[in-house]
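K.L.:
Take a look at the following structure, please.
The values are calculated or read from the model by the stated rules, or taken from the named source; none is laboratory data. Because the structure is a prediction, the values reported are computed rather than measured. Here Cβ is always computed from backbone atoms with ideal geometry, including for glycine, and neighbour counts include all displayed protein chains.
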């Protein structure tokens, strides 16, 4: 019986999420746009076959997309997050040893013979397709680094699963450029190429002392992983973030103070929500504001402000109040603002923080937030919030191609008429 690492990777995840409730989009090009509908950030295989470069502005390829009959969507992070959660829940049913690596990837520890491992991964793939509607590819190998390499090969296989026999790894690593090795960034890849180390096989031939000197301990662990020695442990509980930032560009230049304050309140509330979700509190709050440096005709202004607290805080109304006071001081009339950022740092575990001698905790705050979080979890994030959002505000993200939040909003629950032709689900009347 072998103990192996499997990498489950959702194929074209954002585009696949858009297809779950749109069976009419199967086999058609699907693209997903960045914030404010600016650039192409995700594409289905059919869209990639059009040779569209990732990151290209939408306006440059609109005619090409229209001619190909492509479907264009704004980023629907609410939908993607929920479907990702459902994928991970299904994976947890196969093994308790699971690391959620990203929104669309997870490492699993599986045991069995080669035939049993492949069969188990085929069942994982089938269940995810049937229960969630998301296609995945799975690479199986002795280590996380090798599983990443096997996963890339699996994407091009009809069954979507690949576990190289032991005798094939040598030829696979000879064909794998060091740029394609998990954890080797561009800078290290250029350095290795300059040293005559081009493939994963070349890297394996190097002395361990040299790799540690040139690539630090992380590089040495990568070398061990390529040799089949597990060195990157499975992080079943992701470590808490040491810095949390909420920062987005506005859809249009913003000039009104009330819009700036409202956006800051929303960003601060979102950052505080992330802070509380990992059981942390912060001691430093930094807020910044800036105009668009690429608009030559505009007056330019950029400034930030940092608030160091005498005791850590994770109470959203308190964080929102601090950010609003900072923006009150930072705001200057007569400028066309492009972006604001809220950054929380000096993060500590809530409940274990060192408090100020004269600080007294208000136990009612925690009770209030637990009630608020339960209500928002059941009825939607903005059901209860610190500052109401106006319908006519101009700072909110531009999303002209936004799909419904099929799984998280009652109003967006798809309706299907019996006998209706297969296609897009009906939207409920408003």
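K.L.:
Taking residue 258 and the conditions (1) outside the structural domain of residue 188 (by TED's automatic domain parsing); (2) at pLDDT below 90, which numbered condition does it fall short on, given that it satisfies the others?
P.N.:
If we test residue 258 against (1) outside the structural domain of residue 188 (by TED's automatic domain parsing); (2) at pLDDT below 90, just (2) comes out false.
K.L.:
Let me ask another. Tell me which residues, restricted to the stretch 394-430, are surrounded by 10 or more Cβ atoms within 10 Å (Cβ to Cβ), at pLDDT below 70 and either in contact with a helix residue (DSSP H, G or I) (Cβ under 7 Å, 6 or more places away or on another chain) or in a loop (DSSP other than H, G, I, E, B) (or both).
P.N.:
Of everything in the stretch 394-430, those that are surrounded by 10 or more Cβ atoms within 10 Å (Cβ to Cβ), at pLDDT below 70 and either in contact with a helix residue (DSSP H, G or I) (Cβ under 7 Å, 6 or more places away or on another chain) or in a loop (DSSP other than H, G, I, E, B) (or both) turn out to be 394, 420, 423, 424, 425, 427, 428.
K.L.:
Please state which one of 90, 72 is buried (at least 20 other Cβ atoms within 10 Å of the Cβ) and at pLDDT 90 or above.
P.N.:
Going through 90, 72 in turn, the sole match is 72.
K.L.:
If you go through the stretch 71-91 one residue at a time, do you hit one that is part of a helix (DSSP H, G or I), within 30 Å of residue 235 (Cα to Cα), assigned by TED's automatic domain parsing to the domain that holds residue 123 and touching a strand residue (DSSP E or B) at 6+ places or on another chain (Cβ under 6 Å)?
P.N.:
Checked the stretch 71-91: at least one residue is part of a helix (DSSP H, G or I), within 30 Å of residue 235 (Cα to Cα), assigned by TED's automatic domain parsing to the domain that holds residue 123 and touching a strand residue (DSSP E or B) at 6+ places or on another chain (Cβ under 6 Å).
K.L.:
Could you figure out which of (1) out of contact with any strand residue (DSSP E or B) (no Cβ under 9 Å at 6 or more places or on another chain); (2) part of a helix (DSSP H, G or I); (3) in contact (Cβ under 8 Å) with a residue 60 or more places away in the chain isn't true of residue 229?
P.N.:
Here residue 229 clears every test but (2).
K.L.:
Looking only at the stretch 39-69, filter to residues that are under 27 Å from residue 407 (Cα atoms) and out of contact with any helix residue (DSSP H, G or I) (no Cβ under 8 Å at 6 or more places or on another chain); which one of those is surrounded by the fewest Cβ atoms within 10 Å (Cβ to Cβ)?
P.N.:
So the residue we want is 69.
K.L.:
Where in the stretch 101-201 are the helices (runs of 4 or more DSSP H), entirely inside, with at least 1 residues that are touching a strand residue (DSSP E or B) at 6+ places or on another chain (Cβ under 8 Å) and loosely packed, with under 14 Cβ neighbours inside 10 Å?
P.N.:
114-131, 169-174
K.L.:
Can residue 269 be described as assigned to a helix (DSSP H, G or I), surrounded by 12 or more Cβ atoms within 10 Å (Cβ to Cβ) and within 22 Å of the chain's Cα centre (by Cα)? If you could, list the steps in order and put the result at the bottom.
P.N.:
Details: assigned to a helix (DSSP H, G or I): yes; surrounded by 12 or more Cβ atoms within 10 Å (Cβ to Cβ): yes; within 22 Å of the chain's Cα centre (by Cα): yes.
Here the answer is yes, as residue 269 does meet what is asked.
K.L.:
State which residue pairs qualify: first residue within 14 Å of residue 253 (Cα to Cα) and inside the stretch 293-309, second residue loosely packed, with under 12 Cβ neighbours inside 10 Å and modelled with pLDDT under 95 in any location, beta carbons under 7 Å apart, and separation of 6 or more residues or different chains.
P.N.:
Correct list of pairs: 299/334; 300/293.
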